[in-house]
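Coordinate-derived values only; no laboratory data. Since the structure is predicted, the reported quantities are computational estimates derived from the model, not experimental observations. So basically every Cβ, Gly included, is an ideal-geometry build from the backbone, and we count neighbours across all protein chains shown.
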Amino acid sequence: MQLRSIYFRITKSKKAMALVLVFLILGLAGLIAARGLASKFGSAGSRAEFLRAYPAATRFLPLYWEARKLSDITYLPFLFKKDKLPTYALEISDENLQKLNDSLPQEFMTVIYYDKIYVPAKFSYQGKEYDVQVRYRGDTAVHWNAPKRSYHVRFNKDMPFFGFRELAFIIADDRKFVLEHFHNYRAGKLGLLRPPSFFANLRLNGQKQGLYFVMEGWSQEMLAKWEVPDEANLYGDGDVGLDWKNLSDWELKTTDTQFTYQHFSEMKQLLELLNHSSDEEFYAQIFDLIDKDDFYSWQVLNQLANSVHGYVGNIQLYFDDSNGKFHFVPWDVEGDPASVDNFEIYGPLATRIFANPVFFHEKNKRLYEYLADEKNLQDDLRFYNEAFENIQPALYRDRLKIYTNRWADGVVRENRANIIANAARLKEKLEQAGRVLAEIAINHDNSVNVNGRSLLAVIDLHMQSIADYYLTGVEPKFAAGPVSGDYELFYDANGNDVFDAADLQASDPGAVMLYSAQQVNQQVITQGSLVEPQNTRHRFYLASPNVRPMEFAAQLTAIELNLENAITGKKIKNNDIEIKLLTRDAFRYFRNISDADLFERENPMFRVNQSRKEITLPVGTHSFNKTVVVPKGFTLRIAAGTTLRLGPDTSIMSYSPVAALGTALQPISVIRADPNRPWGTFAVLNAGAAQSEFRFVRFQGGKDAYLNGVFFIGMVSIYHSDLEIADSEFSGSQGDDGLNVKNSQASIVRSRFVDNGFDGLDLDFIKHGLVSGNTFLRSGNDGLDLSGSGAILIERNTFQNSGDKCISIGERSVAPKIFNNLLDHCLIGIEVKDGSTPAIINNLIVNNEIGIKAYVKKPVYGGGTGYVYNSIIWNNGVDFQTDVASRLEIYHSNFRGAMGENHNFSTEPPTKSWQFASGGDPGILEELFEIKMDPAPVGLIR
């Protein structure tokens, strides 16, 4: 009422108003000067550096503090608001006050206060007086280098103050005003023991000291209020943090009175377990020594606050001798803004505990449960707001504080915003998918079967994530609708990376928690250690009692995984999972390429001569039910008269040249062991210029194979290996080709390609080659398919009844020579496409739907161009067909409708000889083949 009366008197007096105006002008000038200094010394570091450089400047700090508080005049209305906080009085004699001041360090900043002493004093409230002991509190200068200081008051044991034996009066800005009080409130919600805290005003020797944050000090009385055994050990750190390696820095705040001496037995046991036990022992015993729920709650509290302040120092551990366990007591929690991510930083004890992913998951789950309940944050903010509203009158009236009201408001607003932002950051972090890579190896081998269940796929989940997961299902996708059958998922329960009976006995795979192992980063940081998730693999098997692997693999297009975040319970979107499909057996035989000893052990039917570098398959009938891989650096010899019977999907693959030299009387045969199921491939790979030879060899009933990263598309496949083939037969292939040759020099003569399901012979990227005197009958697609090849002579061959082309020439095959061949009853006699430029000379092309076709299939190459000489193209549905990008140049040839241009003519050919004795171009025969014939025939040269 007195202040209000003064206010009205000033407003009624012109002289008083003038004085106030002058005061405001001076105040404004002071404020500008203060803000100028603040901009120059805006951080604590810059101010400390300045004061260390100019210690005399500390004399002017009180003036600076008062000057910058002139802006508090804008808070004048709060002078009229009721202050609901209690006010306590402390009386210290001048002599004892001088003793306290003398105990302080001489330095103004960056010093630790060690020589704390108590002096007698009087403490009074509501007319009652208490004899107390008092000292300055706080290790660092912020508590006592200004007129307003922090105090620690100790009451007599026989006369506590409302049950308090010790009270700490802490300058409010040290605990961020209401932030520590707020942390204590949260601690209570989480079920943690914590010191009671509140706010009060203090008078010292009659002078107002303003607002203080008050906490009960460590005492048996506080333990009693916790309703726990009060004659027990409460451990805390010393003045400068502590060492988790030994007892040197641990102190007892309260003691176990059952002994006549102070003992540290419980802490010694904890440090022994922490530092000297195996992981197995530690994980099994740690929660026998510390209270599990209490530890998780303490950790959740710190992470909600984004705090690492209590990980090395500021630790209080109460040992409850009624249950034999430690309990964590939060104290001076503090916290960092959300822009500083402390989630992966932990103290030494938590670091070791959370190296166990099960414990780490439990902590994260409890943290998320708190965050997921929106009422928690609403309640937290309600308490924070009410706590600040409660202290505002006392805070704003406090004239002994060294900061401005506006600055205090900013700190309170900033910390409130941090509470919200940290909650959002943590929730988002725990909901994030992290890194999940699924490597799914598709099995093509029908023989992998365990108790009637065929293995379809091996699923390796690589996790590197804070969150853990459950794999609740697998959804295969197929090209032509679902492959009907039952699908079962099994976890690799025994961790041996083999699908076996032990996996079938495991519990529901959907209940297996898929964690990321935690790796402790040994980088030294002030607050603790970094505990980071590391890449961790979990293996599952997809199997079926009634779906065959090859049927499954042939139709499969994709696999989707149903993953659930084990912390949040939410399903992970498939676009957050990186799924890579693999062929399980792609490099199954990789080791076999160079391991001759392994070959000898696995294949006793072969004779290995290491000194001569020869591997021999002796004469006889040999059955193979598993693929044989011949290592590099040898020559594989197959004796004349030998029969190789290959089981379904079984292949012979050689990294060495092959000499399979049969005779007319003793041919070599490579045939099916099962008449109804094809074998794989007979392949030679990367033998280079070391030529392979096949004479009088009969290959029947194979298909193709995918081995060591190479897809062998032919029943016989010769890749990057030169070869000669003579007097051999390729029949009944169910792969793309009867014989497929790539990147080789090849000679194929006097051989038969009969009844192959697709192409008879496929030559890819052959720079020099000869195909002569062969017969191609009833090929499902092409008799001969030539791609990307050059100097090849295709001569004196018979092509009949191919389902597509007799001869196909594509992918820029430059100037192959097609000479003296019969092309009869195919869909297309010769097809020229994609930049190819064959010379087609003295061929008989009859009875096809299209005689010669030139067109573009792959635009990257452009059109095809065929040069036709001395040939009979007759009785075809259409003799010639081209598109706009392609052309045929025809000379000295016989076809219907020819009008004499380029010496072409139209005459019914003689069906016995299929030859006109003259009319051909003798020059082209001499130029390309060094054949001198004049006159030159048109048609076949017999």
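Structure notes:
- The value obtained for segment 883-942, namely the Cα convex hull volume divided by the number of residues, is 112 Å³ per residue.
- Taking N as its residue count, the alpha carbon Rg of segment 802-847 over 2.2 N^0.38 Å: 1.09
- Distance from the alpha carbon centroid of segment 438-500 to that of segment 830-874 works out to 50 angstrom.
- Ordering of 132-144, 663-675 by packing is 132-144, 663-675, highest average first (other Cβ atoms within 10 Å, averaged per residue).
- Net dipole in debye of the chain [+1 Lys, Arg Cβ; -1 Asp, Glu Cβ; about Cα centre; nearest 20]: 3520
- Rounded to the nearest whole angstrom, the semi-axes of the ellipsoid equivalent to segment 201-241, taken from the Cα gyration tensor as √(5λ), stand at 29, 16, 8, largest first.
- Computed over segment 435-583, Kirkwood Rh from alpha-carbon pairs, angstrom: 16.4
- Look at M267, M653, M159 and count the other Cβ atoms within 10 Å of each Cβ; fewest to most, that gives M159, M267, M653.
- Computed from the Kirkwood radius of its Cα pairs, the Stokes-Einstein diffusion coefficient for segment 517-648 at 20 °C and 1.002 mPa s stands at 103 µm²/s.
- Net charge dipole, segment 599-639: roughly 100 debye, given to the nearest 20, about the Cα centre with Cβ charges of +1 for Lys and Arg and -1 for Asp and Glu.
- Highest-first packing order for the peptide set 589-601, 439-451, 456-468 is 456-468, 439-451, 589-601, based on the mean count of other beta carbon atoms within 10 Å.
- Karplus-derived HN-Hα couplings along segment 282-293 (A = 6.51, B = -1.76, C = 1.60, θ = phi - 60°), whole Hz, x at Gly and Pro: 4, 5, 6, 10, 4, 7, 8, 10, 10, 6, 4, 4
- Positive minus negative residues near R366 (Lys, Arg vs Asp, Glu; Cβ under 13 Å): -1
- Tail weight of P(r) past 30 Å, computed on alpha-carbon pairs of segment 87-429, percent: 39
- Relative contact order for segment 586-764: 15 percent, from Cα pairs under 8 Å spaced at least 6 residues apart, divided by residue count.
- Unsatisfied cross-links (Cα-Cα over 31 Å) in the set K477/K853; K116/K292; K176/K253; K365/K477; K703/K817; K363/K477: K477/K853; K116/K292; K365/K477; K363/K477
- With one equal scatterer per alpha carbon and no solvent term, the Debye-computed log10 I(q)/I(0) for segment 586-764 at 0.08, 0.11, 0.12 1/Å reads -0.20, -0.39, -0.47.
- L823, L556, L455 arranged by Cβ crowding within 10 Å, fewest neighbours leading: L556, L455, L823
- Answer label for P(r) over Cα pairs in 20 Å bins from 0, in percent (calculated), chosen among (1) 11, 26, 20, 15, 15, 10, 2, 0; (2) 13, 40, 30, 14, 3, 0; (3) 14, 43, 34, 9, 0: (1)
- The sum of -39500 (n - 2.57) across all DSSP H runs of n ≥ 4, divided by the residue count of the chain, sets its helix-only mean residue ellipticity at 222 nm to -7000 deg cm²/dmol.
- Pairs beyond 24 Å (Cα-Cα), from K128/K157; K245/K325; K82/K375; K805/K857; K580/K626; K805/K858: K82/K375; K580/K626
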